[in-house]
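Undergrad: The structure is given below, and queries will be raised subsequently.
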Amino acid sequence: MSHNSFGHLFRVTTWGESHGPAIGCVVDGCPPGLPLDEAWIQPFLDKRRPGSSKFVTQRQEPDEVRILSGVFEGRTTGTPIALEITNQDQRSKDYGEIAERFRPGHADIAYEWKYGIRDYRGGGRASARETAMRVAAGAVARRVLGEGVVIRGAMVQMGPDAVDRAAWDWAQVSQNEFWCPDAAAAARWAEQLAAIRKAGSSVGAVIELVAEGVPPGLGAPIYGKLDADIAAALMGINAVKGVEIGDGFAAAALSGEDNADEMRMNPDGTVRFLANHAGGVLGGISTGQPIVARFAVKPTSSILTPRQAVTRRGADTDILTKGRHDPCVGIRAVPVGEAMLACVLADHLLRHRAQNPSAPEVGRLPRN
């Protein structure tokens, strides 16, 4: 009932608060014999690290991960893998003024109602700081999935401004500060976000994730659907308010003819899909096509514009939030989304192998 863990066979439990001495996680169920060290995990954490550009929080955290258990001589042992990151740049004094007041749009009041106590320093457990450990766990999950599964994420919309999909170029994602596949959109966003940040405000975003090389058969009816677990994992990321798989809500505007992912046989006996409106999942089970998911991130709640609020004593008040905050939290949500998708896929891969070790070859139909 602690609700700090997710996954079944590949299970992740995170711990720690934004302004505590450290944050960490335990990854249980990882198969033995996989190569793993800090050098493999660190690049994924560096993508999410605060202070990495002028468009994210200026909190300076190296986010250097330590493996405490579950690895021997560079290989996983099959026992729980404990990972830890030390917090080094907390400025708890920035949050003294909100100790008795609730920030609109933040989890403050919900935590107070549930627990009767809350760690107001940086949001405590509700802080996006916790997501660093999800990214670390996602790096372990990628080892489980193997090199054949490629997971990539991109920011496809900031505020109302979306990318031009005709200009999509995955090579551009690592060339700008927004993980944006459209160079022209990234240039626009830089100007827009500079003005938003200067005004002490914030803006939302949409992130798109694509996982290629995922074998068919992952997921199970009816309550173990792959897309349902992906949606739950992405919805569990801080500030996420919406998730869609494949065409998602746009599918409601299509006809049955347009929405159908038609099929043909290849000469080599494999099945070829002519479209991917379903986002790589049918009936909750992967089809072997790319898994496509998007999630919407709300604007950061901590802003410098005074907003109406209430106190713990039940009085009306106004509040503005000082400190170091992301003007667009969607930027650092890209590697977090990739990690959560990796964890879900690794969990379902292990579950599929356990239940159905003689599954048909990828893309082929079983022959009786």
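The values are calculated or read from the model by the stated rules, or taken from the named source; none is laboratory data. Note that the coordinates shown come from a computational prediction; the quantities given were computed from them, not determined experimentally. All Cβ positions, even for glycine, are placed from backbone atoms using ideal geometry, and neighbour counts span all protein chains on display. To get the accessible areas, we keep the full protein, side chains included, count just its heavy atoms, and leave off ligands, DNA and RNA. Shrake-Rupley method; radii C 1.70, N 1.55, O 1.52, S 1.80 Å.
Undergrad: Taking the chain on its own, what percent of its Cα-Cα pair distances exceed 40 Å? Show your work: numbers first, answer last.
TA: Numbers: 11021 of 67528 pairs.
Looking at the chain, the distances longer than 40 Å represent 16 percent of pairs.
Undergrad: May I pose another question? Which log10 I(q)/I(0) values does segment 246-368 give at q = 0.14, 0.15 Å⁻¹ under the Debye formula, counting every alpha carbon as one identical point scatterer?
TA: -0.85, -0.91
Undergrad: Give the longest segment of the chain that steers clear of GluC sites (Glu not before Pro) in DSSP loops with at most 13 neighbouring Cβ atoms within 10 Å, not counting the sites themselves. Mind showing how you got there, number by number?
TA: Numbers: sites that count: 73, 100, 147, 262, 361.
So the longest stretch without any such site is 148-261.
Undergrad: Under a 10 Å cutoff between Cα atoms, tell me which one of 63, 318, 182 has the largest fluctuation in the Gaussian network model of the chain.
TA: Looking only at 63, 318, 182, the biggest GNM fluctuation is shown by 318.
Undergrad: Express in nm, to one decimal, how much length is gained between residue 261 and residue 198 on full extension, taking 0.36 nm for each residue of separation and deducting their alpha carbon distance.
TA: Details: separation 63, 0.36 × 63 = 22.68 nm, distance 4.62 nm.
Result for the pair: 18.1 nm of gain on full extension.
Undergrad: Expressed as a rounded percentage, what relative contact order does the chain have, with Cα pairs under 8 Å and six or more residues apart?
TA: Contact order relative to length: 22 percent.
Undergrad: Between 85, 222, 245, where does the largest GNM mean-square fluctuation fall for the chain, given springs only between Cα atoms within less than 10 Å?
TA: 222
Undergrad: Another one. Students often forget the sequence filter, so: which lysines lie under 20 Å Cα-Cα from residue 54 once same-chain residues fewer than 8 apart are removed?
TA: Within the straight-line cut-off, residue 54 pairs with 198, 298, 322.
Undergrad: Taking 0.36 nm per residue of separation and subtracting the Cα-Cα distance, what length does fully extending residue 353 through residue 117 add? Provide the component values of the computation, followed by the final result.
TA: Numbers: separation 236, 0.36 × 236 = 84.96 nm, distance 4.33 nm.
Length difference between fully extended and current span is 80.6 nm.
Undergrad: Now a separate question. Give the dimensionless ratio obtained when the Cα radius of gyration of segment 95-155 is divided by 2.2 N^0.38 Å. Spell out each step's value before the answer.
TA: Values: Rg = 17.1 Å, N = 61, 2.2 N^0.38 = 10.5 Å.
After normalising by residue count via 2.2 N^0.38 Å, the value is 1.63.
Undergrad: Using the Kirkwood formula on the Cα atoms of segment 113-210, what hydrodynamic radius do you get, in angstrom to one decimal?
TA: 16.1 Å
Undergrad: Using 0.36 nm times the number of residues separating residue 164 and residue 251, minus their current alpha carbon distance, what extension gain do you get?
TA: Computed gain between residue 164 and residue 251 is 29.4 nm.
Undergrad: Hey, another quick one. Using the basic label-point model (7 angstrom from Cα toward the beta carbon), what is the residue 3 to residue 46 distance in nanometres?
TA: A separation of 3.7 nm, rounded to one decimal place.
Undergrad: Accessible area of the chain with a 1.4 Å probe: how many percent of it is carbon plus sulfur?
TA: Carbon plus sulfur share of accessible area: 54 percent.
Undergrad: Follow-up question, since we're still on this one. Comparing 146, 70, 269, which has the greatest mean-square fluctuation in the GNM of the chain with Cα pairs linked when under 10 Å apart?
TA: Evaluated over the chain, the most mobile residue of the options is 269.
Undergrad: I'd like to verify something in the chain: which complete DSSP H helices, judged by Cα projection on the helix axis, reach 27 Å or more and average at least 0.0 on the Kyte-Doolittle scale? Present the calculation step by step, with values, prior to reporting the outcome.
TA: Working: long enough: 330-355 (38 Å, 0.50).
Flagged H segments are 330-355.
Undergrad: Still on this structure, please answer the following. If you keep only loop residues by DSSP, which trypsin sites (Lys or Arg not before Pro) in segment 309-342 have at most 16 other Cβ atoms within 10 Å of their Cβ?
TA: Those satisfying the criteria are 312, 313, 322, 324.
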